[in-house]
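The structure under discussion appears below in the form of structure tokens.
The values are calculated or read from the model by the stated rules, or taken from the named source; none is laboratory data. Every value quoted in this text rests on a predicted model; they were computed, and no experiment measured them. Here the Cβ positions follow ideal geometry from the backbone for every residue, glycine too, while neighbour counts run over all protein chains shown. Remember, those area values only see protein heavy atoms, side chains included, never the ligands or the DNA or RNA. Shrake-Rupley method; radii C 1.70, N 1.55, O 1.52, S 1.80 Å.
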Amino acid sequence: MDKLRITGGRTLHGEVTISGAKNAALPELCAALLTSEPVILNNVPRLRDVATMRQLLDNMGVQTQTHGDRGGITLQAADPIQAEAPYELVKTMRASVLVLGPLLARFGHARVSLPGGCAIGSRPVDQHIKGMQAMGAEIVVEHGYMVARLPVGKTRLHGARIATDMVTVTGTENFLMAAALAEGETLLENAAQEPEIGDLAEMLIAMGAKIEGHGTSRIHIQGVERLHGCTHQVVADRIETGTFLCAVAATGGDVVLRHGRADHLDAVIDKLRDAGAEIEAGKDAGGDFIRVRATGRMKAQSFRTTEYPGFPTDMQAQFMVLNCIAEGTSKVTETIFENRFMHVNELVRLGAHIQVDGKVAVVEGISRLSGATVMATDLRASASLVIAGLVAEGETIVDRIYHLDRGYDQMEEKLRGIGADIERVK
Ligand code: EPZ
């Protein structure tokens, strides 16, 4: 298994290009199932999860083809399509559940493996099932699969009012895609408001869907008979952007994040400014950018993860590293996933002072970390260990970086480009 070898202590300087968002690209690849016409996605990040989603769609009979060097993928889900998502693929990426809505809406049936457990929490899909049933689908779980179909005599899902027990990102995305082709109007209440939802809705509207209210907690969808092809640019990855912002705030330096969207990261940028980082955002000939400058020790910041527009759970581990070497003590409260402190013991191996009690981690800032061998346990935990390695004295080896490759496009090359001493050890 590949590892990363990092020698810490360097400040970061220069420019990084932010890639397209993993959590927008994955549902948007699935949205191609809603039409038999070609769909062109640009700015698709080169990630292991994207490759897995392509494999899942190829398996179903979707024609997929990459083009150009700017992350272009053309997809065409012409009939016949095998409406099945096998366990072998779903177990490696739970976002595979995002094929359920489009398959049911277009083909009236789907057989999708249940995702099973996950390192960061139990993550059930009961709300996805509840929403599809509200739109008229009959779903049984058998042999580890959700077997979904329309009642005899029915050819389309019907509109419904769906109010989920909690805010669910992929649930909202599944409902959006299903409702786009349903008969009548659907109202989503308690809908997720993440920027990736807005980006998916913009793509569906470009395919002919009638959607209003995306980006708020109430979304109206007027179903249409059929959708057509489109060309769509995947939005920039706000979590990759936030990860680099935390890296520069931790190491010190002056870096421009090309395509970074500050308006998608308010909660994180507010905390970084309170910690002492200088952050300016703008737009120039090259598009959106964020410039971050940091010198000296940051001030520790307590925070609580919540749904968007609150502090994202996908930034919790990376910001915790900042608190590990900041002045003062901070409290980090994780409210979304019940097991998202797996990085804590690895940070403690680097000398960090962290006490966990249930959903709360108390971090006592210290002046320096010391390099060691650590192990990645999930995607964002691996990013936090990379940042820790950049600040730790001496050498850090991060093992199991296949987790990192799932969600970061050429992380070590980008870091080397701004002065980090980092290399992949095959
Ligand atoms: C999405 O996961 C993201 N993944 C996650 O990013 C992110 O952490 C999460 O949203 C929260 O922001 C993708 O977009 C592919 P949820 P999702 O449904 O949709 C519970 C990363 O690092 N719940 O919003 O699976 C659930 O257990 C990944 O890029 C149910 O109980 O998350 C959790 O506690 C990790 N039943 C909460 O709701 C359901 O049917 C929020 O989960 C659905 C969710």
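The residue list Leu200, Leu188 contains one member that is within 15 Å of the ligand (Cβ to nearest atom), within 22 Å of Thr64 (Cα to Cα) and either in a loop (DSSP other than H, G, I, E, B) or not aromatic (Phe, Trp, Tyr) (or both), which is Leu200. Does Lys283 meet the test of being open to solvent by 10 Å² or more (accessible area, probe 1.4 Å) and assigned to a helix (DSSP H, G or I)? For Lys283, the condition - open to solvent by 10 Å² or more (accessible area, probe 1.4 Å) and assigned to a helix (DSSP H, G or I) - is not met. Residues that are under 20 Å from Gly371 (Cβ atoms), touching a strand residue (DSSP E or B) at 6+ places or on another chain (Cβ under 6 Å) and part of a helix (DSSP H, G or I) occur in the stretch 309-320; there is at least one. Counting only strands (runs of 3 or more DSSP E) that sit wholly inside the stretch 322-401, those with at least 1 residues that are open to solvent by less than 10 Å² (accessible area, probe 1.4 Å), modelled with pLDDT of 95 or more and not β-branched (Val, Ile, Thr) are 329-333, 360-364. Restricting the stretch 196-224 to residues that are without any contact (Cβ under 8 Å) to a residue 40 or more places away in the chain and among the acidic types (Asp, Glu) leaves a set whose member that is surrounded by the fewest Cβ atoms within 10 Å (Cβ to Cβ) is Glu212. Inspect the stretch 341-362 for any residue being under 26 Å from Ile18 (Cα atoms), touching a residue at least 24 places away in the same chain (Cβ under 8 Å) and within 15 Å of the ligand (Cβ to nearest atom) and give the result as yes or no. Within the stretch 341-362, one or more residues are under 26 Å from Ile18 (Cα atoms), touching a residue at least 24 places away in the same chain (Cβ under 8 Å) and within 15 Å of the ligand (Cβ to nearest atom). Of the strands (runs of 3 or more DSSP E) lying entirely inside the stretch 1-75, the ones with 3 or more residues being closer than 25 Å to Ala381 by Cβ are found at 3-7, 12-17. Taking the conditions (1) without any contact (Cβ under 8 Å) to a residue 60 or more places away in the chain; (2) within 16 Å of the ligand (Cβ to nearest atom); (3) among the hydrophobic types (A, V, I, L, M, F, W, C); (4) touching a helix residue (DSSP H, G or I) at 6+ places or on another chain (Cβ under 7 Å) in turn, Met177 satisfies each one other than (1).
Counting only residues that are part of a helix (DSSP H, G or I) and open to solvent by 10 Å² or more (accessible area, probe 1.4 Å), the stretch 257-268 holds 5 of them. Checked against (1) of a type outside the set (A, V, I, L, M, F, W, C); (2) closer than 18 Å to Gln133 by Cα; (3) part of a loop (DSSP other than H, G, I, E, B), Gly171 meets all criteria but (3). Scanning the stretch 292-312 for residues that are within 16 Å of the ligand (Cβ to nearest atom), surrounded by fewer than 19 Cβ atoms within 10 Å (Cβ to Cβ) and touching a residue at least 40 places away in the same chain (Cβ under 8 Å) returns Pro309, Gly310.
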